[in-house]
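Read the structure below first, then the notes.
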Amino acid sequence: MTGLNYADIGDVVPIVTGERRVVADAYAPDDVRIGKLDRRQFLKLTGLVGGGLMLTFGTPKALAKGAVLQPNGYVKIDATGIVLYAKNPEIGQGVKTSLPMIIAEELDAAWDDVQVVQSPIDRETYGWQMAGGSTSIPGNWDPLRRAGAAARSMLVEAAAKRWGVEATSLSTRDSHVVHAASGRKLAYTELAAGAAAMDVPNPQSLTLKKRDQFRLIGKRITGVDNDALVRGEPLFGIDQMLPGMKYAVYQKCPAIGGKVASANLDAIKAMPGVHDAFVLEGNGNAMELLPGVAIVADNTFSAIQAKRALKVEWDESDASKDSWTHAKAEAERLRKESGPQVVNTGDVDAAFASSAKQASGFYTYHFVSHATLEPQNCTAWFKDGALELWAPTQTPAQGIGSAAKVVGVSPSKVTLHQLRCGGGFGRRLYNDFTCEAAAITKRAGVPIKLQWTREDDMAYDLYRAGGFHQMDGAVDENGKVTGWRDRFITFTNDGRRPVSGGGLGRGVFPAGLVDNVRLEQTALPWMNRCGAWRAPGSNVFAFVFQSFLDELAHAAGRDSLDVLLEVFGEPRQMGPRGMHTGRAAGVVKLAAKEAGWGRELADGRGMGIAFYYSHAGHIAEVAEVSVSDQKQVRVHKVTVAADVGPIVNLSGAENQMQGSVVDGLSTMTGLSVTFENGRVEQSNFDRYPMLRMPSTPEVAVHFVDSDYPPTGLGEPALPPLAPAVCNAIFAASGHRIRTLPISEEGFSLA
């Protein structure tokens, strides 16, 4: 809550600077800062077909290398129109619309005049191109504004030269340069060739719009792909087709770490429609290429039928023996013992000794799957020593590097076409499916489309880690929280550090807010792969910490809202990357007000409130629920209040908030992945029940009109949902939920 819990997204996280947010190495020291941009960071390319203007805006890191940017930057204007390039992967979060909107705003282009195109994957031109950590808006806000402003400035200069007037006498609006004194105006398309000959302006000389001058940002804009999606156009990875393409499936050991001892390859090759079947040994990296059997066929049906007939003897001598049952038993034992300390401030023991009231609770949450609507897939063609990929990935640059390593070529020999993803939520940060496709096409000698089944997706995910927390808290005679202790039992893949999303940071709630805090962390050995899952860490820590704070409030006989606001204390910034307590209090008060906190409710009906600071977003949520005698829960309404700075696309922002609520509710209700003997016990949606439409609550979204730099919205609205609903269940029924999913405690959604 006070720490910035970014996703484990390979090797990049946002670093906050005084001027803007940029993407830097994850393990960069705290003093890494990238200052304002200079003239060298704008490059102009001329000589386009037919004459025109094209601007690219490279990252400071790329330009520092003296990189020459190619003619595929953010802005292209010629006689035929205005093209804006969307640099980051579109995974349903709306950046293919919102990022070009930022450019168009400063360019002063009419949105109807703009064509949006997915950019090539080119780090020298675009820097990091990725979707993860809710970084797209904060990481590109300032660079894209300056890119649009530079183009606008050059168009104005071209018009001034043509008309023989001062540039200061001109204005722009709706893709035109206007000379008000004479009533003349020229379209950008008419000025493009002349603008291409202008000098690139000094970035520091550019005047960016003030918020009250925005004409596009903050409005509701439909997604640029929406029409194509409705028509069913082939935008996704699963849609791709190539001449002569074959279809591939890949069978890995059900227990990770297992290898192929033998397989009935001859029988599989003899099946109708099968082109080839062979063993891949893997490359020793569980995040890239696991050992398995590849089947290549003429169509998906033949490939899947052959996979069902495949008989493999697995060598499981080094395979996972992970057991959720064993992990729970170990956690029960360890919660009574002290572990290594992450945070130890004040005098926790003295706080408990002098307390007026105490509360304790053992919290558990299960592993969960990403369950993307579109299972993993990749189309690949290895030909003449080069590899071409068509991939729905969240990290295309890493996909290129990993695939190049697998097939033994330089990354310069790999071309990746970024495709729209049918859901990501962190799953497609990892490129194992891309590596598999690369290895299969090289061995098969033909272009292939690798298609995972839903069962593959469930069995070989990179799961959100489960965890256990023994929580103890103390309040004084005034009901103020004075002591906080968390004995956290998590998991480790390497024996050195927690799995992705499974580690407490020094700034996690309530460190810095409560005087006496002790956070302990013990990790159990685990072989199955874990990865970033929407709002990593925050998605489970919020449930535990905000639910337990509610426990302490009830132990003290106080209103949860009052206790939460008291914990925030005076308005202040909690470190350079931490939350602002004033902004936190602001969204809590707004959510409470809009939800009607404190009003009388019928028996069996209750409200719960929760706040969390995640991915630089300050989000509060109030849930109103009713609970039947049969433990059926109806979530009637969720009120969300957010302070994330200026909203770029209001439609997209509302969708993200609503989607986070629905996703969070679905996950907390009945989703659980369990392991025994290293194997996942759930194979499809029959045992992994997603939320159904009739159970969807009303979601009311409210944004604080904030002048702070904008932050992302794909993740921060999810963490407060579970504790808000669970606190409401307690208010309605008197039953304290301490396990996710709530179905583990006998509750279900009505």
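The values are calculated or read from the model by the stated rules, or taken from the named source; none is laboratory data. As the structure is a prediction and not an experimental result, all values here were calculated from the model. Don't worry about glycine lacking a Cβ; one is built from the backbone with ideal geometry, like all the others, and counts go over all protein chains shown. Side chains included, ligands, DNA and RNA excluded: accessible areas come from the protein's heavy atoms. Shrake-Rupley method; radii C 1.70, N 1.55, O 1.52, S 1.80 Å.
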Quickly rank 197-208, 468-479 as a protection proxy: mean count of other C-beta atoms within 10 Å, highest first. 468-479, 197-208
Could you order peptides 399-407, 379-387 by the average number of other Cβ atoms within 10 Å of their residues, highest first? 399-407, 379-387
Please compute the per residue accessible area over the chain with all protein chains in place, 1.4 Å probe, rounded to a whole number of Å². 38
Rounded to the nearest 0.05, what FRET efficiency do Arg220 and Met693 give with R0 = 35 Å and r taken as the Cβ-Cβ distance? Could you check? 0.90
Express the carbon and sulfur contribution to the solvent-accessible surface of the stretch 380-477 as a percent, rounded to the nearest whole number, probe 1.4 angstrom. 50
Projected onto the charge dipole of the chain (+1 at Lys/Arg Cβ, -1 at Asp/Glu Cβ, origin at the Cα centre), which of Leu144, Phe488, Leu565 gives the Cα projection farthest towards the positive end? Leu144
What is the distance in Å between the Cα centres of the stretch 245-307 and the stretch 580-603? 54
Under a point spin-label approximation (7 Å from Cα along Cα-to-Cβ), what is the Ser171-Leu242 distance to one decimal in nm? 5.3
Pairwise centroid distance, computed over Cα atoms, of the stretch 441-458 with the stretch 189-238, Å: 36
Roughly speaking, what is the stretch gain from Asn285 to Lys269, that is 0.36 nm per residue apart minus the C-alpha to C-alpha distance, in nm to one decimal? 2.9 nm
Step through the residues of the stretch 395-409 one at a time and calculate ³J(HN,Hα) from phi using the Karplus curve (6.51 cos²θ - 1.76 cosθ + 1.60, θ = phi - 60°), rounding each to whole Hz and writing x for Gly and Pro. 10, x, 5, 5, x, 4, x, 5, 5, 4, 5, 5, 9, x, 10
Alpha carbon centre of the stretch 313-362 versus the stretch 121-151: separation in Å? 41
So for R0 = 22 Å, FRET eff. of Tyr708-Ser205 from the Cβ-Cβ r, to 0.05, ends up at 0.30
Count the net charge of all other residues whose Cβ sits under 12 Å from the Cβ of Ala380, scoring Lys and Arg as +1 and Asp and Glu as -1. +3
Percent antiparallel among DSSP beta bridges (both partners in the stretch 71-136, rounded to 5): 45
Can you give me the solvent accessible area of Met287 with a 1.4 Å probe, rounded to the nearest 10 Å²? 70
In debye, nearest 20, what is the charge dipole magnitude of the chain about its Cα centre with +1 on Lys and Arg Cβ and -1 on Asp and Glu Cβ, if you could check? 1320
Ignoring everything except DSSP H segments at least 4 long, calculate the 222 nm mean residue ellipticity for the chain; use -39,500 (n - 2.57) per segment, divide by total residues, nearest 500. -8500 deg cm²/dmol
Cβ-placed point charges (K, R +1; D, E -1), dipole of the stretch 273-423 about Cα centre in debye, nearest 20: 380
When the accessible area of the stretch 293-333 is split by element with a 1.4 Å probe, what percent falls to carbon and sulfur? 49
For the stretch 673-744, the accessible surface attributable to carbon and sulfur atoms (probe 1.4 angstrom, ligands and nucleic acids excluded) amounts in percent to 49
Order by accessible surface, 1.4 Å probe, largest leading, for residues Lys209, Lys311 comes to Lys311, Lys209
Taking the DSSP beta bridges in the stretch 66-219 as the whole, what percent of them are antiparallel, to the nearest 5? 70
Candidates (1) 1.10; (2) 1.00; (3) 1.05; which is the computed Cα Rg over 2.2 N^0.38 Å? (2)
Once you charge only the Cβ atoms, +1 for Lys and Arg and -1 for Asp and Glu, what is the size of the charge dipole of the stretch 571-675 about its Cα centre, to the nearest 20 debye? 280
In terms of the charge dipole of the chain, which places +1 on Lys and Arg and -1 on Asp and Glu at the beta carbon, the residue among Val249, Leu462, Thr434 farthest towards the positive end is Thr434
In the chain, what percentage of the DSSP-assigned beta bridges are antiparallel, given to the nearest 5? 75
Given the peptides 674-682, 120-128, 221-229, 616-624, arrange them by the average over their residues of other C-beta atoms within 10 Å, most packed first. 616-624, 120-128, 674-682, 221-229
